[in-house]
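Working notes for the structure below.
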Amino acid sequence: MKIGPLSIPLKEDFSLKSILGFEKTPVNMLLALSVIAMLVMLVVGIGNYLIHSHHAYNVTRQHPWGLLIAVYIFFVVSSTGFCIVGSLGDVFGFKDFTMISKRAIFGSIVTILAGFTVIAFEIGHPVTMMIYNVLTPGLTSAIWWMGTLYGLYLTFMIIEFYFLLNNDMKKAKIFGLTGLLVGLAAHSNLGSVFGFLNARTISQGVYYPTYFILTAFITGIFLSFIIMGFRYKLNFNEKTKKLLEGLAKIQGLLISILIFFMTWKLLTDMYGGVPTRSDVAHHIIHTAPFWAEVILVMIIPLLVILKDFGKSPVLMFWASLSGMVGIFFMRYNLVHDTQVKPLQMMKIREYQLSPEWIHYFPSASEIMISLGGLGLCILLYYVGTRAFNLDEEEGH
């Protein structure tokens, strides 16, 4: 298909019929119905937000960041992770990883679009934001830099994907490297949004800007196992097994580093009994979502990898599914645990009860928009697999 000077190579049989012509197995039908249900939820959730504004959400002055912030982080972390995995082949020249480059780069585009969709209904005035983001840039604002860099990152990812589709590897490498660097800058900047919170000592510091990059790579590998598992229906050929074995070994190293990072973060948080830091850390380790994150992201996948050093791709597929559930808890915990301690702990009137830990549970609208973002992500990726040849072409 030609759009002006651009040539976008679509599959010859791409049509609405090809989109609806998937194999009608029970798993596929369940997935299709789930996506439709999530898209309906997205429409209902957005409608409720447009009617009631932020009153449709359970966020408060004491807990201003809710589920949508966590889901936005979940998607943009996934996008950066896909970008890193995709760059291993077409940017850094590791031949074993070139077969996943197009899928990973397309996945990075889809996931960040889903993230932008979710955050658009959290920030209140997305159109106004885009206008004044250009007219009155906040150069000292970490959030301004995050939004600007992610916009540039998406642009470079789309350009790289275009050149990958046209097998122009030289230009794809240039834009891929540029997009990777901008994406890493944007992602570490997202971590700095938490690191700059001087009033929240549990997150303040240099930990999160580096932690975000590490967990992005881990997320990208989990997603790579999932998309390749669906692509080959868990019946992997030798070339794919070699790719996945390499990714599993990298994942084992990354998870080990993550365990090291988190252990020392918690120890330094708890040591010395520093108010609003030590007590929050002790509170965190006694919550179920924290242990869901530890078990699903770290313990289960690492045990599967250590069993035979990544030679069981089917097991890694299931471990990656559990890992992505854990990654959601990781993002939710990051947002919620930062706000769990009230900033005002002293009584300000005579018969006031002593402030307690802040409790928050997402509203129905927050849950529907979040699930709708997931449904949109799956739909866009599926349509992309029908529209574009995302497999490695022979001779490249």
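Output the 0 to 90 degree angle, nearest 10, between the alpha-carbon long axis of helix 238-270 and the longest principal axis computed from the alpha carbons of the chain. Between helix and principal axis, roughly 10 degrees. A 1.4 Å probe, protein heavy atoms only, puts the accessible area of Ile158 near 90 Å². Note on exposure: Tyr271, Tyr153, Tyr132 ranked by accessible area (1.4 Å probe, complete protein assembly) read Tyr271, Tyr132, Tyr153, with the most exposed listed first. Taking all Cα pairs closer than 8 Å and separated by 6 or more residues, the relative contact order of the chain comes to 29 percent.
With K and R counted +1 and D and E -1, the other residues having a Cβ less than 13 Å from that of Leu223 yield a net charge of +2.
Note on Ile123 and Ser256: their simple-model spin labels are 4.0 nm apart, each label 7 Å out from Cα toward Cβ.
For Phe388, the residues whose modelled amide H falls within less than 5 Å of its own, excluding neighbours fewer than 5 places apart on the same chain, are Lys11. At each listed q (0.12, 0.17, 0.20, 0.21 Å⁻¹), what is the log10 of I(q)/I(0) that the Debye formula gives for the range 254-366 modelled as equal alpha-carbon point scatterers? Values, matching the q order: -0.56, -0.92, -1.11, -1.17. Against the longest alpha carbon principal axis of the chain, how many degrees, from 0 to 90 and to the nearest 10, is the axis of helix 67-90 turned? In the chain, helix 67-90 runs at an angle near 40 degrees to the longest axis. Note that the chain presents 49 Å² accessible area per residue, ligands and nucleic acids not counted, probe 1.4 Å. The distance from the alpha carbon centre of the range 289-339 to that of the range 229-260 is 14 Å, rounded to a whole number.
Taking the square roots of 5 times each eigenvalue of the Cα gyration tensor of the chain, largest first, gives ellipsoid semi-axes of 36, 25, 21 Å. Treating r as the C-beta distance of Tyr232 and Ile295 and R0 as 35 Å, the FRET efficiency rounds to 0.80.
Its Cα gyration tensor gives the range 69-195 an equivalent ellipsoid; the semi-axes, largest first and in whole Å, are 27, 14, 13. Quarter the surface of the alpha carbon convex hull of the range 1-75 and you get the mean projected area, 9.1 square nanometres. Cα centroid separation, the range 35-59 to the range 133-204: 28 Å. In terms of accessible area, using a 1.4 Å probe and ignoring ligands and nucleic acids, Leu334, Leu20 rank largest first as Leu20, Leu334. Expressed as a whole percent, the accessible surface of the chain that belongs to carbon and sulfur atoms is 71, based on a 1.4 Å probe.
Annotation: extensible slack from Val206 through His286 equals 26.3 nm (criterion: 0.36 nm per residue apart, minus Cα-Cα distance). Largest GNM mean-square fluctuation across Leu243, Leu30, Leu181, computed for the chain with C-alpha springs under 10 Å, falls on Leu30. Taking max minus min of the alpha-carbon positions on each principal axis, the range 182-266 gives extents of 52, 26, 18 Å, largest first.
Relative to the longest principal axis of the Cα atoms of the chain, the long axis of helix 101-120 makes an angle of roughly 40 degrees. At the residue level, Trp357 shows approximately 80 square angstrom of accessible surface with a 1.4 angstrom probe and all protein chains present. Dipole check for the chain: with +1 at the C-beta of Lys and Arg, -1 at the C-beta of Asp and Glu, and the Cα centre as origin, the magnitude is about 140 Debye. Obtain the nm distance between the two label points defined at Phe94 and Ile174 by a simple spin-label model: each point lies 7 Å from its Cα along the Cα-to-C-beta direction. Result for the modelled spin labels: 2.6 nm. Leu190 contributes an accessible area of around 10 Å² to the protein surface, as traced by a 1.4 Å probe with all chains present.
Accessible area ranking (1.4 Å probe, heavy atoms, ligands and nucleic acids excluded), largest first, for Asp168, Asp337: Asp168, Asp337. Treating r as the C-beta distance of Phe196 and Leu303 and R0 as 51 Å, the FRET efficiency rounds to 0.90. Between Val314 and Asp391, the contour length at 0.36 nm per residue exceeds the Cα-Cα span by 25.7 nm.
The values are calculated or read from the model by the stated rules, or taken from the named source; none is laboratory data. Only a predicted model underlies this, so the values are computations on that prediction, with no experimental measurement involved. Cβ sites come from the backbone with ideal geometry, for glycine too, and all protein chains shown count toward neighbours. Note: accessible area is taken over every heavy atom of the protein model, side chains too, but ligands, DNA and RNA are not part of it. Shrake-Rupley method; radii C 1.70, N 1.55, O 1.52, S 1.80 Å.
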